[in-house]
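Read the structure below first, then the notes.
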Amino acid sequence: MTTAVLLVALAFVAVAGFAVVATPDPRRQAITLSLFSLCLTLLFVVLQAPDVALSELAVGSAVVPLLVLLTIRKVGGR
Amino acid sequence: MTLRARTWLCAAGALGVAVLLVTAFLRMPRFGGDLHVYRDLALPATLARMTPNLVSSVNFDLRALDTLGEETIVAAAVVGTLSLLQPSPAERERIEPQRGYVMPVVKVAGYLLLPVTLLLGLDVVAHGHLTPGGGFQGGVVLATGWHLLYISGSYPALARLRPIDWCEYAEAAATGLYVVTGLAGLIAGGAFLANVLPKGEFGSLLSAGTVPVLSVLVGIEVAAGLVVLLAQFLGQGLIREEHS
């Protein structure tokens, strides 16, 4: 049972990671990056690492995409 | 270098890394197995210092020096952002208030989640030595929670409720006090960052010696640092383009 949940979480991470790489537009990439971080959070919870999951959730799925979007907004028009 | 040569070079490098990784993985302990050398050493030390959360004990006691390094990295990142993204006097004149439309649903959700997130962040910081979490996690939750005000479409509200000066002072003070706590350990306990405070009762809020102290300091530093960092990025977004 645990192994099955773990494999599903790992598969989510693999698919989401591929989606980030396969997204051409950086704006959309910020969103797929956020989803990838959510999948990683799920994986960390399954691996019983709630500390890391909390950091990943806040930094990876919120702060980093926000910084990426703000930077693209600033430099994208040139 | 031609494209063909570059492709071959990349393939050779990738193959080398793959061989190294596979040889390393083959000699690793089995996933989910019983062999945990570090756990067997850390767990008794953690229990002796009355810290139920082993991870926090490792972060803020057994390997507190590493956390000082990480904390310094965060501080350096914030200082770098501050110096790079500070608007110039010419840019300062072009700053204009943000106009935009925010869906009412987003607004309501933001305002509903704001107190919940802030409370969760404080809880994670305060109970860092007891339950999963700690200064870094709680600080990040606090800082992101604060920016729900921005998501809710009220940048003026965020700017009013965000004393950037004080955040800068708090960030610097918390970073410095971490070192001071370490020096106190050096004087009283004979080692930098030694856990010299009374350990208290296992599982109570005031226990585990310096672990909650350092955890709260890191919480203040990370929360204030991230608010300053995001403020610089958000401030840059308000500057109108010159040629528009």
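For region B:157-204, the calculated P(r), taken from all Cα-Cα distances in 10 Å bins from zero up to the bin holding the longest distance, is 24, 26, 27, 18, 5 percent. Across chain B, Cα-Cα pairs farther apart than 29 Å form 50% of the total. Amide H contacts under 5 Å for B:Asn195: none, restricted to partners 5 or more places along the chain or on a different chain, H placed in the peptide plane at 1.01 Å from N. About its Cα centre, chain A has a charge dipole of approximately 460 debye under the convention of +1 per Lys or Arg Cβ and -1 per Asp or Glu Cβ, with nothing else charged.
What is the mean number of Cβ atoms from other protein chains located within 10 Å of the Cβ atom of each residue in peptide A:67-76, rounded to a whole number? Average per residue, whole number: 3.
Treating each Cα of region B:132-244 as an identical point scatterer and summing with the Debye formula, the log10 of I(q)/I(0) at q = 0.21, 0.22, 0.23 Å⁻¹ comes to -1.09, -1.15, -1.20. Shielding of peptide A:48-58 by partners, expressed as the average count of other chain Cβ atoms within 10 Å per residue Cβ, is 6. Peptide packing for B:23-31, A:22-30, A:1-9 was compared via the average number of neighbouring C-beta atoms within 10 Å per residue; ordered from the highest value, the list is A:22-30, A:1-9, B:23-31.
What you get for the protein assembly as shown, charging only the Cβ of Lys and Arg (+1) and of Asp and Glu (-1), is a dipole of about 900 debye around the Cα centre. For chain B, the relative contact order works out to 27 percent when only alpha carbon pairs closer than 8 Å and six or more residues apart are counted.
Dividing the summed helix terms, -39500 (n - 2.57) for each DSSP H run of n ≥ 4, by the number of residues in chain A produces a 222 nm estimate of -25000 deg cm²/dmol to the nearest 500.
Please report the projected area of region B:10-50's Cα convex hull averaged over all directions, in nm². Kindly include the intermediate steps, with their values, before the conclusion.
Values: hull surface 17.8 nm².
Over all viewing directions, region B:10-50 projects a mean Cα-hull area of 4.5 nm².
Oblate is the label for region B:69-186. Its Cα gyration tensor axes, ordered a ≥ b ≥ c, give a/c of at least 1.5 and b/c at or above a/b.
The overall shape of the protein assembly as shown is oblate: from the C-alpha gyration tensor, with semi-axes ordered a ≥ b ≥ c, the ratio a/c is 1.5 or greater and a/b is no larger than b/c.
With the helix formula -39500 (n - 2.57) applied to DSSP H stretches of n ≥ 4, chain B reaches a computed 222 nm mean residue ellipticity of -22500 deg cm²/dmol. Sorting B:70-83, B:3-16 by their mean Cβ neighbour count within 10 Å, with the most densely packed peptide first, gives B:70-83, B:3-16.
Read the figures in this text as sums done on the coordinates, not as results from a lab. Everything numeric in this text was worked out from a predicted model, so none of it was measured. All Cβ positions, glycine included, derive from the backbone under ideal geometry; neighbour counts span all protein chains shown.
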